Each structure stands twice: as C-alpha cells, then as structure tokens.
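The values are calculated or read from the model by the stated rules, or taken from the named source; none is laboratory data. A quick note: this is a predicted structure, and the numbers were derived from the prediction, not measured. Every residue, glycine among them, receives a Cβ derived from its backbone with ideal geometry; neighbour counts consider all protein chains shown. In case anyone asks, the SASA skips ligands and DNA or RNA and just uses the protein heavy atoms, side chains included. Shrake-Rupley method; radii C 1.70, N 1.55, O 1.52, S 1.80 Å.
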Amino acid sequence: MKTIQDVLDSLNSGNLEQYKEVMEYCSKRVTSNEGIPTVIGLDDLTSSSNEAYQGAKEEGDFNLVMAAGAMVFTSLYEELSPEQLGHYPPIAPAMSAMTEMFFHPDADGNAVQYREVVRDFIKE
C-alpha cells in the first residue's frame, strides 16, 4: 500500500486478508531470532520550543498510512479475547503488526514489510 487512500480502499472492499495474514505471522514470530519491529518517533518534550515533531521528509505521508494501518489492526485485535491478547490492550499487538506490515516505504512509496528487511539475518 502506498497511500492512506489505498488503506481506506482495502477497508471499503472488505479485503482484510492481508492484515489477518500479518497478524498470523506476528503470532508465530520467534522474537529471539528476528527481533520485534519497532517504529520510534522522538520528540523533545522538555524543549521550550513549540515546534512539533516532524517525520523524515523522504517518507512523505507514510505516517498517515501507518496510522491508518494501526487503526485497522487495533480493530481486528479488539475482536480477540483478553486471553488471546495475552492480557495486553489491543493497541499493543496492533502496533507490532502495523510495524511489521508498514516498516518503511520503498523508493516508490510502497510499504516494505519488516520480514523483508530482516530476511537475510534471521537465525533458522
């Protein structure tokens, strides 16, 4: 997916299989072998400046794609029981799944999955 509109179009068409596949993948991930995908946005909350955090210009509006993805995953995780969630709030596994699916944009703005980035480094 390239834009937030692509995410919304997938919702409109009811095509959630790609999200469910990522959730399934994440549920079986061996974190000791491949780590845990994470997106970090840092802002200096102690600064007296009123400037807001700005993402990398190279990523354009990819942050909107990620935000929409996080909402889709959260909605899907909300359908699971607390036991299935490991008693975490749905947003916790949703953020991991979102980061798996939308790890970074490629040169054309398409989402690159985390597993593609670490594929050559995973211990079998």
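Quick check on the chain: helices-only [θ] at 222 nm, where DSSP H runs of length 4 and up contribute -39,500 (n - 2.57) each and the sum goes over total residues. Nearest 500, please.
-13000 deg cm²/dmol
Compute the distribution of all C-alpha to C-alpha distances in the chain, in bins of 5 Å from 0, and list the percent of pairs in each, rounded to whole numbers.
Taking all Cα pairs of the chain, the binned fractions are 2, 10, 18, 21, 18, 15, 9, 4, 1, 0 percent.
Within the chain, how many Lys pairs sit with Cα atoms under 25 Å apart, leaving out pairs fewer than 8 places apart on the same chain?
So the count of such lysine pairs works out to 5.
Could I have the simple spin-label model distance between Val39 and Asn15, label points 7 Å from Cα toward Cβ, reported in nm to one decimal?
Placing both labels 7 Å along Cα→Cβ, they lie 2.0 nm apart.
Under 5 Å between amide hydrogens, which residues at least 5 positions from Val112 or on another chain qualify, with H placed 1.01 Å from N in the peptide plane?
Long-range HN contacts for Val112: Phe103, His104, Asp106.
Give the ranking of Glu51, Glu78, Glu100, Glu34 by solvent-accessible surface, highest area first, calculated with a 1.4 Å probe.
Glu51, Glu78, Glu34, Glu100
Once the Cβ-Cβ distance between Glu83 and Asp6 is put in as r, and R0 is 41 Å, what FRET efficiency do you end up with, to the nearest 0.05?
0.75
State to the nearest 20 debye the size of the charge dipole of region 65-120 about its Cα centre, where the only charges are +1 on K and R beta carbons and -1 on D and E beta carbons.
Charge dipole, region 65-120, about its Cα centre: 80 debye, nearest 20.
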